[in-house]
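Structure, as structure tokens:
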Amino acid sequence: MKIRNLVALGLAATLVMAACGDDDDDGAATSDEGSSAFEAPPSDTEGTLRVWLNGNDTPDSMREWAIEQFNEQYPNVEVTIETQEWDGVVDRLSNVLPTEDSPDIVELGNTQAQEFEAAGALVDLSDMREDLGGDDLLDSLAEAGSYNGQFYGLPLYAGARVVTYRTDLFEASGLEIPTTMDELIAAAETLQQDNASTPNFSGFYFPGRNWHAMLSFIWDAGGDIATQDGDEAWVNALGSDESVEGLSTVQDLMENANQAPADGDDANDYVEFCNGEIGMLFAPGWKIGQLMDPEQGCPDVMEGKLGAFPLPGSDGEVAPSFLGGSVLGISAQSENAPLAYQFLRIISGDGYQTQYAENGLIPARKSLLDAVEGDESAVAQAAAAENSRFVPSSPHWAEVEGQDILQDMGTAIGSGGDVADEASQAGDAIVEILNS
């Protein structure tokens, strides 16, 4: 089912009207923590709330904290957080959001959100935006959570990619932190050679389907995915000489400094890191926090052995980095929208957002950005974020991701395919969708 067919639902406006109070003071919703256009359910309300969160970006401790805070106000509501893998999440959302089995709250990547918003799959939160953070919300994520002047997605967190590395392996190989792309490639190959006795070791871990990481190499070489002049049609830029040059560097790393599978992704890279199989990897700035988390990582093994630096570009400056992030939306099919909204208020609050900062992520509130300053990973991420880039801004981009075009291109390149041919074919497929 194509995502744009979700327009047939037409339920968002109905749901908001049913859940909202009147415009006058008597009908306005109130609670101990403020007011909103949703009327807060009574504290003795019974029910269940299903939340989809993607990947391992949000630590279990934060999930449990949010549930505990919510249950202090609604002790008879059972909150279930279901973890979804990022890979394939667009298809899963497309299939589940139109059905009665839809979760109440869903997480969408900032590149995926607008197509679902445009399709009417999420509840319009425009009247509640101020209550959820208003102008304090990160502009780029608030933009991703908005469509056609309406607000649908609450910014959750942001992050730029940095290189996380083993300081002990660098020292053993006599390596300094690379300052150019050429130095990075040389360091990766040195680590690969010096640790050849370690099974499955990657000097620079680069699974083929990690398309977010590929983008920096494309942009560093002067390439892009697709370009558009005003309202004119999108043009294939992935097949350009510059993009092919950047992807050739990716293939070089994949073939000469990496043993990650060409058909794999980065969902469980922390496992390989904890197994001692990675010298460097290019990942979101919270990676060190995840590796040092007692529940997900291996602090007993990696204590004192981790460092981070922004990916160096060919010109010696910081290479462009994809600025990732997520938003949370309430499904238009949810029968628990007022409860779901109360949960979003906890997620948007300082108590929860500060924990993202403490875990190496950029919180969704501008007023909390100082909380991520200080450690090495945060400094690297801040430097990377200053030269951040984004995918083509189009409500059709989620369909591009849903069809795994860039992922499949990466698998082909990692398997030894002709870079120019694969890039050109992928670029053609992408612009066909963007121009549809």
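Within segment 102-113, does at least one residue satisfy the condition of being touching a Ser or Thr at 6+ places or on another chain (Cβ under 9 Å), at pLDDT below 95, acidic (D, E) and in the same structural domain as V51 (by TED's automatic domain parsing)?
No, segment 102-113 has no match at all.
May I ask you to say which residue of S424, S321, S334 is farther than 23 Å from V123 by Cβ and either crowded, with 22+ Cβ neighbours inside 10 Å or out of contact with any Leu (no Cβ under 9 Å at 6 or more places or on another chain) (or both)?
Exactly one of S424, S321, S334 is farther than 23 Å from V123 by Cβ and either crowded, with 22+ Cβ neighbours inside 10 Å or out of contact with any Leu (no Cβ under 9 Å at 6 or more places or on another chain) (or both), namely S321.
Among the numbered conditions (1) out of contact with any Cys (no Cβ under 9 Å at 6 or more places or on another chain); (2) not assigned by TED's automatic domain parsing to the domain that holds G276, tell me where D127 comes up short.
(1)
Enumerate the pairs (first residue in segment 418-436 and farther than 12 Å from V244 by Cα; second residue anywhere and of a type outside the set (F, W, Y) and part of a helix (DSSP H, G or I)) with beta-carbon separation below 6 Å, excluding pairs fewer than 6 apart on the same chain, so at least 6 apart or on different chains.
Close Cβ pairs (under 6 Å, with a partner that is of a type outside the set (F, W, Y) and part of a helix (DSSP H, G or I)) amount to A429/I405; I430/V400; I430/I405; I433/E399; I433/V400.
Taking the conditions exactly as written (surrounded by 17 or more Cβ atoms within 10 Å (Cβ to Cβ), over 17 Å from V163 (Cβ atoms) and modelled with pLDDT of 95 or more), does Q342 satisfy them or not?
So Q342 fits the description; yes.
What single numbered condition from (1) farther than 27 Å from A257 by Cβ; (2) at pLDDT below 95 fails to hold for Q381?
Every listed condition holds for Q381 apart from (1).
Applying the selection to segment 138-174, what residues are among the aliphatic types (A, V, I, L, M), free of Cβ contacts under 8 Å to residues at least 40 places away in the same chain and touching a Phe, Trp or Tyr at 6+ places or on another chain (Cβ under 9 Å)?
We begin by selecting, within segment 138-174, every residue among the aliphatic types (A, V, I, L, M); these are 138, 141-142, 144, 154, 156, 158, 160, 162-163, 169, 172.
In the following step, the residues that additionally are free of Cβ contacts under 8 Å to residues at least 40 places away in the same chain were identified as 142, 172.
Across segment 138-174, the qualifying residue is only A142.
Within segment 168-187, which residues are over 30 Å from the mean Cα position of the chain (by Cα) and either surrounded by 16 or more Cβ atoms within 10 Å (Cβ to Cβ) or over 26 Å from E303 (Cα atoms) (or both)?
Those that are over 30 Å from the mean Cα position of the chain (by Cα) and either surrounded by 16 or more Cβ atoms within 10 Å (Cβ to Cβ) or over 26 Å from E303 (Cα atoms) (or both): S173, L175.
Residues checked against (1) within 24 Å of the chain's Cα centre (by Cα); (2) β-branched (V, I, T); (3) assigned by TED's automatic domain parsing to the domain that holds Q353:
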{"site": "L138", "(1), (2), (3)": "yes, no, yes"}
{"site": "E189", "(1), (2), (3)": "no, no, no"}
{"site": "S197", "(1), (2), (3)": "no, no, no"}
{"site": "G208", "(1), (2), (3)": "yes, no, no"}
{"site": "M214", "(1), (2), (3)": "yes, no, no"}
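Need the failing condition index for D265 against (1) crowded, with 18+ Cβ neighbours inside 10 Å; (2) part of a helix (DSSP H, G or I); (3) of a type outside the set (S, T, Y), just the number.
If we test D265 against (1) crowded, with 18+ Cβ neighbours inside 10 Å; (2) part of a helix (DSSP H, G or I); (3) of a type outside the set (S, T, Y), just (2) comes out false.
For segment 296-312, which positions are surrounded by fewer than 21 Cβ atoms within 10 Å (Cβ to Cβ), of a type outside the set (V, I, T) and not in a strand (DSSP E or B)?
Q296, C298, P299, D300, M302, E303, G304, K305
Which residues, counting only those in segment 268-295, are more than 21 Å from F322 (Cα to Cα), part of a loop (DSSP other than H, G, I, E, B) and touching a Gly at 6+ places or on another chain (Cβ under 6 Å)? So that I can check it myself, show each step before the final result.
Going residue by residue through segment 268-295, those that are more than 21 Å from F322 (Cα to Cα) are 271-279, 291-295.
Pick out the ones that are also part of a loop (DSSP other than H, G, I, E, B) and you get 275-277, 279, 292-295.
Once the filter is applied, which keeps residues that are more than 21 Å from F322 (Cα to Cα), part of a loop (DSSP other than H, G, I, E, B) and touching a Gly at 6+ places or on another chain (Cβ under 6 Å), segment 268-295 yields only G279.
Residue under question is A121, and the condition is that it be within 17 Å of the chain's Cα centre (by Cα), crowded, with 24+ Cβ neighbours inside 10 Å and either at pLDDT 95 or above or not aromatic (F, W, Y) (or both); does it hold? Full working, then the answer.
Working: within 17 Å of the chain's Cα centre (by Cα): no; crowded, with 24+ Cβ neighbours inside 10 Å: yes; either at pLDDT 95 or above or not aromatic (F, W, Y) (or both): yes.
When the stated conditions are applied, A121 does not pass them.
Looking for whichever is touching a Phe, Trp or Tyr at 6+ places or on another chain (Cβ under 7 Å), of a type in the set (G, A, S) and farther than 30 Å from Q353 by Cα here; the options are A196, A237, A257, A187. Which one fits?
Unique residue meeting the criteria: A257.
The values are calculated or read from the model by the stated rules, or taken from the named source; none is laboratory data. What you see is a predicted model; the values in this text were computed from it and never measured. When we count neighbours, we look across all protein chains shown, and the Cβ atoms used for this are built from the backbone with ideal geometry, even at glycine.
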